[in-house]
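The structure appears below as structure tokens.
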Amino acid sequence: MEGLELTRLNPPLATVARLTPRGRGAVATLRLLGSPASLDAGDPALFQATNGQQVIDQPSGRLVFGHFGADSPEEVVICRLDAETLELHCHGGDAAVERIVRELSERGVVTVSPWQSEPQRVDSLETECLAALANALTPRMANLAHSQATGVLRRAVMAALIALPNLVKTGELLRAIWRWREVGRHVTVPWRVAVVGRPNVGKSRLINALLGYDRSIVYDAPGTTRDVLTGETAFDGWPVQLADTAGLREAGSAIEAEGIVRARDYLATADVVLVVVDRSQPATRTDRELVAEFPHAILLANKCDLPEAWVDPLPDDVLSISATTRAGLRRVGEEVVRRLVTEGPGSGDAIPLCERQITCLERAIEAADQGDCDGCRARLWELLGSHRVDGMLPSDL
Ligand SMILES: Nc1nc2c(ncn2[C@@H]2O[C@H](COP(=O)(O)OP(=O)(O)OP(=O)(O)O)[C@@H](O)[C@H]2O)c(=O)[nH]1
Ligand SMILES: [Mg+2]
């Protein structure tokens, strides 16, 4: 009985969530939920404070320096936030975090996402927005997420709620949020841009020039790139993943054929396709087939630093570039952005930032269109992540 009681009062460390984004950084932060006594277990203890005290005896709100792990201990700082919440700060970068998470998971601690690590606020709008902010890929996207997290999205949803029972007005207000869903989806996930063309036209050199480092092997022999190689960058603050692909042609080997299959898989889900041709050579049958196969692609006539040998007519909107001299590359970025974000949201525009928010919005709009006032209201409260107190509206209105 006593044991049961103790277990209830001191649940073991249950979850760990990584609060800072992946990748390099000076400091990474993890949030641990459950009894901090779990960190005192073992000999030596999982966490050894430099001040010699056990974690369970450390007061809330104090930063405590110490070491985590028995073998080659990791330098960390911990801070208890309350009886069952603790933040652990370690060296930034993935290695330290992964090691700590692994050792915790070996002790049964479950890894969860940041918003799941705040049980009282699961699914609340601001928590999701803060998660998007933490994982935003560029400062531009972080600004958008920050506006949503600090009230823009909540106020817009509340305005739609207040407009009820005028379902037409509510529907309009909700559509004004929903229209930015693609921007919202790409706050944390880059748009996918595929670069295709026959072998040797300069796709890899172009990718390297756009990324600013040598991601792909560039070589003067057709069929050099075999796999889909990706790299992330941003054009005017919009995050994109560029994919270098195997030159498309009749494959000469099984490996090349597999590379072409993978290239086509990526192409099937790409947001924008860049078709590259080599204008220092006469057009080949493959060039013509590719230009015809991707009529909506951005057509790039590469190697404009060399004498022109291409005689076929080219569409007016073709961009003449040189991956070697970088001529015309700025326009490539501008054109990609023009295709991806026809119109960007303003700083005061409300944007849904995750699939749950987009789905709630869609259901609320559907209910509004069907004249279902109660259904629409219920979906909006769900979107806010709040429970309605009858007849009352939240004070932050
Ligand atoms: N002069 C000149 N040469 C270029 C340019 N772009 C690429 N090249 C050269 O063209 C050759 C092929 O370049 P890659 O980038 O490897 O071509 P690729 O399209 O990736 O070829 P595969 O991987 O075989 O499909 C290399 O010798 C490059 O240096 C350019 O703009 N100007
Ligand atoms: Mg290549």
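Read-outs: derived from the displayed coordinates by stated rules, not from any lab. Model, not experiment: these values are computed from the prediction. Ideal geometry is used to build each Cβ from the backbone, glycine not excepted, and the neighbour counts take in all protein chains shown.
Annotations
- Summing Cβ point charges (Lys, Arg +1; Asp, Glu -1) relative to the Cα centre of the chain gives a dipole of roughly 760 debye.
- Pairs of Cα atoms farther than 33 Å apart, the chain, %: 52 percent
- Charge dipole magnitude, Cβ of K and R +1, D and E -1 - region 191-336, Cα centre, debye nearest 20: 200 debye
- The chymotrypsin sites (Phe, Trp or Tyr not before Pro) of region 191-229 that meet both conditions, a loop assignment by DSSP and at most 15 other Cβ atoms within 10 Å of the site Cβ, are 213, 219.
- Trypsin sites (Lys or Arg not before Pro) within region 271-344: DSSP coil, no more than 15 neighbouring Cβ in 10 Å: 326
- Over region 267-372, equivalent-ellipsoid semi-axes from the Cα gyration tensor in Å: 41, 17, 10
- Semi-axis lengths (Å, descending) of the ellipsoid that matches the C-alpha gyration tensor of region 233-276: 25, 9, 9
- Among the DSSP helices (H) of the chain, those spanning at least 20 angstrom by Cα along their long axis with an average Kyte-Doolittle hydropathy of 0.0 or more are 254-269; this is a geometric and hydropathy rule only.
- For region 273-309, GluC sites (Glu not before Pro) are listed when DSSP marks them as loop and at most 16 other Cβ atoms sit within 10 Å of their Cβ; the list is 308.
- Cα gyration tensor, region 48-103 - rounded (a/c under 1.5), prolate or oblate: prolate
- Each of 108, 166, 129 was placed along the dipole of region 19-175 (beta-carbon charges, centred on the mean Cα), and the one lying farthest toward the positive end is 166.
- Unit charges at the beta carbon, dipole of the chain: most positive-side option, 85, 290, 301: 301
- Altogether, the Stokes-Einstein calculation at 25 °C and 0.890 mPa s, with the Kirkwood radius of region 191-336 over Cα pairs as Rh, returns a diffusion coefficient of 163 µm²/s.
- Relative contact order, percent, region 110-269 [alpha-carbon distance under 8 Å, six or more residues apart]: 18 percent
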